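Participant: Would you mind keeping the following structure in view while I ask a few things?
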Amino acid sequence: MKSMQDEEKGRWFVYFVTITIGLAFSITLLSITWNNALERNKKEFTLESFSLRESVARNVRSAHNVTNNFTAFFKASPELNENQFSVFTKTLLLQHEFIEGAIYFPALERSANPINDSEVMMPAFYQAMREEHHVQEGLKLYRGIYNDGLANTLSTGDVLTLAGEGSEFEGKKYWMFKVLDVEQSNSDSHEKTSEKVNQALIGVLVDSAKLFGTSVTSTGLALTIFSNASSLSARQLLYQRESMEADSGWAVALLEEEGMTQFPSYSIKLNVKKELAWQEVDKELVFNALLIGVGVTLLIIALVRAKDQQSRELKERNIVIERQVSEQTKELALTRDQALEASRVKSEFLASMSHEIRTPLNAIIGMSGLLEETPLNTEQKNYISVFKKAGDTLLSLVNDILDLSKIEAQQLELENISFNLLETIEESVEIYALKAAENEVELLCHVDEELNIYRLGDPARLRQIILNLISNALKFTEQGEVVVRVNADPDDKNGSTLVFSVSDSGIGIPAEKLESIFASFTQVDSSTTRKYGGTGLGLTISRSLSELMEGRIWVESEEGIGSKFCFTAKLEEEMPDEKQAANNTSLSDSKVLIIDDNAVCREILKTKLLANGAIVHEAAIAEDVYALFKNSNEDAKPNIVLVDFKMPKMNGFEFIEDLQTRGINTKLIMMLGAADLNHNMSRIKEAGIDAYLLKPIKRNELIQQLESIQSGDMPEKSTGTKKHSERDDVKPLRILLVEDNPDNRLLIKAYLKKLPYDLDEAENGQIAVDKFRDSKFDLVLMDVQMPVMDGHEATRTIRAWESDNDKVNTPIISLTAHAFKEEIDRCLEAGCNSHLSKPVKKATLISTIQEYTGASQS
Ligand code: ADP
């Protein structure tokens with residue numbers, strides 16, 4: 001509120017300053033132009049008054065001269081009669097317009113008694129007037145002179161001006177007098193002698209107005225003429241004319257000039273005044289200046305106002321925008337909360353749905369597996385395999401849909417743990433070894449030897465993509481091979497991005513479908529499902545996962561030739577520790593011959609061996625091998641032969657026999673698939689083969705096998721995966737099975753039936769805790785969702801009891817229906833050692849039990 005007031009004040013202050021500046025500017029401009037205009041008028045006035053003064057001075061001088069002439073005239077003819085006077089005066093009047101008349105007093109003598117109007121007897125005098133009625137004025141003057149004794153105050157030669165005060169001349173006409181001595185030689189009076197000198201007075205009546213002649217042109221002038229005589233104390237006003245323009249309007253200046261005309265005994269002063277009227281000033285410039293000033297002021301005000309208006313509008317707009325933004329933010333926050341809530345609800349729904357579907361599935365798949373192991377006729381076996389397959393499909397569908405929902409809900413978080421890339425890839429490939437062998441398709445794997453195999457990332461999700469691609473490749477390939485390769489991405493200089501590829505020699509994909517197969521539920525054609533099964537979700541999930549790993553997925557394919565699916569993933573390198581680094585070995589003494597009809601297989605093996613320093617020969621057919629042994633000298637002859645079991649003309653065993661009959665003696669390693677191994681175990685022993693390798697061949701197994709053959713330190717002639725068979729040498733265990741669902745309890749019991757395990761059952765967590773306290777168990781299988789007390793709670797209680805009683809922790813394996821990472825984490829937090837996700841597979845269950853209870857060997 002305060003700031004609003006301050007703002008208002010500030011605004012008014014700006015206006016005030018603007019107006020002040022505008023006014024100051026206007027006033028300055030106005031005063032400059034006004035002064036200029038006045039100056040011009042003053043100059044005009046000065047010029048005019050000068051010419052006026054000049055003309056008055058000239059005429060006054062003429063009047064003075066007239067009196068002098070008069071004087072001279074009277075002096076020359078002292079016995080002047082009236083006639084002569086009148087002739088002389090008339091001439092004078094004709095010559096000088098401004099002279100109105102003349103008067104002559106022959107004897108200026110003061111009478112003892114004042115003369116009054118009625119008295120006729122007066123000393124003689126002459127007068128001549130231009131206008132007859134002025135004669136009376138002359139008489140009046142004559143009387144005045146006698147009565148006032150003026151004559152006595154004058155001395156000879158004095159010139160005196162006398163305004164016609166109290167007469168009709170007042171302010172219009174004045175007299176000019178001069179006293180002169182006149183000798184009277186023939187006086188009538190006997191007392192007077194001819195020597196007597198009389199004082200005579202001559203006077204000239206001057207019309208003041210006419211003194212100016214025609215030079216008064218301009219209006220509004222006030223004219224005044226004064227006279228100053230040495231004989232008179234005060235100055236006399238001889239003429240006065242007020243400003244002619246009575247209604248001249250507003251006076252803006254008073255102009256005044258004075259001029260003086262000096263004579264021996266008096267002076268005449270002319271005063272010219274003028275009140276300069278507003279109308280007379282040249283206003284155009286002033287008005288222009290005023291206009292400019294006002295215009296500029298208004299312009300500045302307008303600018304300030306526009307600026308003010310603009311800033312106010314901006315402020316208002318800002319307020320509106322701020323309000324809108326805050327409303328939108330609120331809405332967004334609300335929407336986000338709703339979305340989060342929706343996604344939470346969705347994932348909760350998915351979790352419980354997953355549990356609901358997996359629990360019966362668990363029973364279906366498990367039971368069908370068990371049923372398969374009972375004596376059945378062919379028809380029954382077919383039926384069982386159908387619903388087992390359906391169960392598997394349903395399970396993978398549930399898993400896929402769960403994954404996809406999690407990805408879409410952006411809930412899928414990748415792990416970032418250190419893992420062994422080589423192991424992850426080789427194990428993934430191994431999963432499909434059997435299937436590949438069944439299909440008679442060669443499944444090969446090669447991780448670039450140069451790659452650092454110690455990486456950071458999410459191995460489980462990486463495996464998921466690889467498995468999906470291999471599964472597809474095997475599904476769509478009837479013959480030939482499926483090759484998995486891992487290389488460094490040449491575009492990434494850091495070496496953290498890897499390119500994975502799964503190529504096959506299958507049916508291929510039409511060019512127009514290459515993009516669309518990555519969309520959800522999309523297959524190349526609708527008959528695919530019927531023929532090959534699948535849901536059309538695998539590639540969608542793979543794409544999302546590779547994108548989560550900052551990579552991308554793409555496919556190159558040609559119909560009838562095969563497809564190559566590639567994806568990239570960013571997996572940071574981790575420095576190998578010393579033990580791992582020491583694993584690098586050298587096969588520098590090995591001269592290895594590879595015999596395999598499959599060129600890709602030969603090529604991969606060769607690369608692996610070369611990278612480890614071996615000398616490598618290869619052959620596709622037996623003939624080449626014989627030639628090699630025959631032609632090379634002893635040193636160059638191969639000392640180890642790697643033979644593929646499956647070859648077109650003769651199989652591995654036949655070839656070895658042939659070799660042996662030809663007397664070629666060398667170390668022999670057979671390469672064969674797990675399925676072939678089972679049927680040929682006895683043959684391997686008989687044939688005198690030094691070792692065998694299960695396909696797809698793992699890098700480390702190959703190297704180790706060759707190393708031990710080379711060093712003569714022969715391991716057991718069986719490598720490959722350890723099989724958890726139900727053997728007698730399994731350690732007997734006491735297991736507590738905690739599970740509320742009787743079907744699932746039955747299933748687990750069935751799985752473990754043939755093993756020397758003593759199973760005790762508990763229907764909920766509470767019973768489990770009680771049983772655990774009462775007797776000793778080697779392991780606990782703990783379901784999570786149970787009535788009374790759930791698995792988490794039961795595990796926590798058991799762990800607390802153990803620590804209170806100083807007991808060693810018994811392994812607890814949780815059985816979760818939820819495949820979510822959060823759920824697994826919750827189990828581990830509660831104190832479980834590991835977890836198994838339902839539906840539990842028999843083999844996984846057994847191997848996990850054995851893993852956590854020590855080796856299976858007693
Ligand atoms: P699914 O395999 O479950 O149908 P996918 O998303 O994994 O779903 O694959 C989508 C489709 O892409 C498949 O149905 C198939 O038509 C095609 N496809 C995938 N991999 C290959 C392959 N290696 N060769 C030929 N076609 C393939």
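The values are calculated or read from the model by the stated rules, or taken from the named source; none is laboratory data. Because the structure is predicted, anything quoted here is derived from the model rather than measured. No Cβ is skipped: glycine too gets one built from the backbone with ideal geometry, and neighbour counts run over all protein chains shown.
Participant: For the list (1) part of a loop (DSSP other than H, G, I, E, B); (2) at pLDDT 55 or above; (3) surrounded by 13 or more Cβ atoms within 10 Å (Cβ to Cβ), I need the number of the one condition that SER111 fails.
Facilitator: Against the list (1) part of a loop (DSSP other than H, G, I, E, B); (2) at pLDDT 55 or above; (3) surrounded by 13 or more Cβ atoms within 10 Å (Cβ to Cβ), SER111 comes up short only on (2).
Participant: Looking at (1) at pLDDT 85 or above; (2) exposed (fewer than 13 other Cβ atoms within 10 Å of the Cβ), find the lone condition where SER557 falls short.
Facilitator: (2)
Participant: From the list ALA390, ALA363, which one is within 16 Å of the ligand (Cβ to nearest atom), hydrophobic (A, V, I, L, M, F, W, C) and over 27 Å from MET549 (Cβ atoms)?
Facilitator: One residue alone meets the criteria, ALA390.
Residue-wise test of (1) out of contact with any strand residue (DSSP E or B) (no Cβ under 6 Å at 6 or more places or on another chain); (2) surrounded by 12 or more Cβ atoms within 10 Å (Cβ to Cβ); (3) among the basic types (Lys, Arg); (4) in a helix (DSSP H, G or I).
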{"position": "LEU276", "(1), (2), (3), (4)": "no, yes, no, no"}
{"position": "GLY293", "(1), (2), (3), (4)": "yes, yes, no, yes"}
{"position": "ARG305", "(1), (2), (3), (4)": "yes, yes, yes, yes"}
{"position": "ASP308", "(1), (2), (3), (4)": "yes, yes, no, yes"}
{"position": "ARG317", "(1), (2), (3), (4)": "yes, no, yes, yes"}
{"position": "GLN324", "(1), (2), (3), (4)": "yes, no, no, yes"}
{"position": "GLU331", "(1), (2), (3), (4)": "yes, no, no, yes"}
{"position": "LEU340", "(1), (2), (3), (4)": "yes, no, no, yes"}
{"position": "SER343", "(1), (2), (3), (4)": "yes, yes, no, yes"}
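Participant: Scan the helices (runs of 4 or more DSSP H) fully inside segment 750-858 and keep the ones with 2 or more residues being at pLDDT below 85.
Facilitator: 821-830, 842-852
Participant: Can you find a residue in segment 426-440 that is over 30 Å from ASP644 (Cα atoms) and surrounded by 15 or more Cβ atoms within 10 Å (Cβ to Cβ)?
Facilitator: No, segment 426-440 contains no residue that is over 30 Å from ASP644 (Cα atoms) and surrounded by 15 or more Cβ atoms within 10 Å (Cβ to Cβ).
Participant: Any residue in segment 606-626 that is within 16 Å of the ligand (Cβ to nearest atom) and surrounded by 14 or more Cβ atoms within 10 Å (Cβ to Cβ)?
Facilitator: no
Participant: Take segment 539-553 and flag every residue that is in contact (Cβ under 8 Å) with a residue 24 or more places away in the chain and more than 12 Å from the ligand (Cβ to nearest atom).
Facilitator: Hits for segment 539-553 are LEU545, SER546, LEU548, MET549, GLU550, GLY551.
Participant: A further question on this structure: What about ALA57, is it exposed (fewer than 15 other Cβ atoms within 10 Å of the Cβ) and of a type outside the set (Lys, Arg)?
Facilitator: no
Participant: Out of all the residues in segment 495-514, is one or more away from the ligand (no atom under 13 Å from the Cβ), of a type outside the set (A, V, I, L, M, F, W, C), without any contact (Cβ under 8 Å) to a residue 60 or more places away in the chain and in a strand (DSSP E or B)?
Facilitator: No, segment 495-514 contains no residue that is away from the ligand (no atom under 13 Å from the Cβ), of a type outside the set (A, V, I, L, M, F, W, C), without any contact (Cβ under 8 Å) to a residue 60 or more places away in the chain and in a strand (DSSP E or B).
Participant: When you scan segment 417-453, how many residues do you find that are farther than 21 Å from ARG543 by Cα and part of a helix (DSSP H, G or I)?
Facilitator: 13
Participant: Within the group LEU47, LEU23, LEU30, LEU38, which residue is touching a Gly at 6+ places or on another chain (Cβ under 7 Å) and either surrounded by fewer than 13 Cβ atoms within 10 Å (Cβ to Cβ) or not hydroxyl-bearing (Ser, Thr, Tyr) (or both)?
Facilitator: LEU30
Participant: I've got another one for you. Going by the structure shown, is GLY536 buried (at least 16 other Cβ atoms within 10 Å of the Cβ), among the small types (Gly, Ala, Ser), free of Cβ contacts under 8 Å to residues at least 24 places away in the same chain and within 9 Å of the ligand (Cβ to nearest atom)?
Facilitator: yes
Participant: Oh, and also: Within segment 515-528, restricting attention to residues that are more than 7 Å from the ligand (Cβ to nearest atom) and either part of a helix (DSSP H, G or I) or at pLDDT 95 or above (or both), which residue is surrounded by the most Cβ atoms within 10 Å (Cβ to Cβ)?
Facilitator: PHE518
Participant: Another one. Filter segment 459-486 down to the residues that are modelled with pLDDT of 95 or more and assigned to a strand (DSSP E or B), then identify the one that is surrounded by the fewest Cβ atoms within 10 Å (Cβ to Cβ).
Facilitator: ARG485
Participant: Collect the residues in segment 63-85 that are assigned to a helix (DSSP H, G or I) and over 25 Å from ALA209 (Cβ atoms), keeping them in residue-number order.
Facilitator: Within segment 63-85, THR71, ALA72, PHE73, PHE74, LYS75, ALA76, GLU82, ASN83, GLN84, PHE85 meet the criteria.
Participant: I would also like to ask the following. Is there any pair linking a residue in segment 372-387 that is under 21 Å from LEU361 (Cβ atoms) to one that is outside any helix (DSSP H, G or I) and not β-branched (Val, Ile, Thr), with Cβ under 6 Å and at least six apart or on different chains, and which?
Facilitator: Cβ pairs passing all conditions: none.
Participant: For segment 461-474, which residues satisfy the criterion of being away from the ligand (no atom under 14 Å from the Cβ) and either under 20 Å from ILE604 (Cβ atoms) or of a type outside the set (D, E, K, R) (or both)?
Facilitator: Of everything in segment 461-474, just one residue is away from the ligand (no atom under 14 Å from the Cβ) and either under 20 Å from ILE604 (Cβ atoms) or of a type outside the set (D, E, K, R) (or both), namely LEU462.
Participant: Does any residue of segment 562-574 turn out to be modelled with pLDDT under 75, within 16 Å of LEU469 (Cα to Cα) and either within 16 Å of the ligand (Cβ to nearest atom) or surrounded by fewer than 21 Cβ atoms within 10 Å (Cβ to Cβ) (or both)?
Facilitator: no
Participant: What tally of residues in segment 475-494 results from selecting those that are within 9 Å of the ligand (Cβ to nearest atom) and in contact with a strand residue (DSSP E or B) (Cβ under 6 Å, 6 or more places away or on another chain)?
Facilitator: Count: 2.
Participant: Ok, one more. Any chance segment 36-57 includes a residue that's part of a helix (DSSP H, G or I), under 30 Å from VAL286 (Cβ atoms) and within 60 Å of the chain's Cα centre (by Cα)?
Facilitator: Yes: segment 36-57 contains one or more residues that are part of a helix (DSSP H, G or I), under 30 Å from VAL286 (Cβ atoms) and within 60 Å of the chain's Cα centre (by Cα).
Participant: Scan (1) touching a residue at least 60 places away in the same chain (Cβ under 8 Å); (2) within 12 Å of the ligand (Cβ to nearest atom); (3) part of a strand (DSSP E or B) for the single condition LEU456 breaks and write down its number.
Facilitator: Checking LEU456 against (1) touching a residue at least 60 places away in the same chain (Cβ under 8 Å); (2) within 12 Å of the ligand (Cβ to nearest atom); (3) part of a strand (DSSP E or B), the one that fails is (2).
Participant: Quick test for you: out of GLU440, GLU449, pick the one residue that is at pLDDT below 90, at positive phi and away from the ligand (no atom under 14 Å from the Cβ).
Facilitator: GLU440
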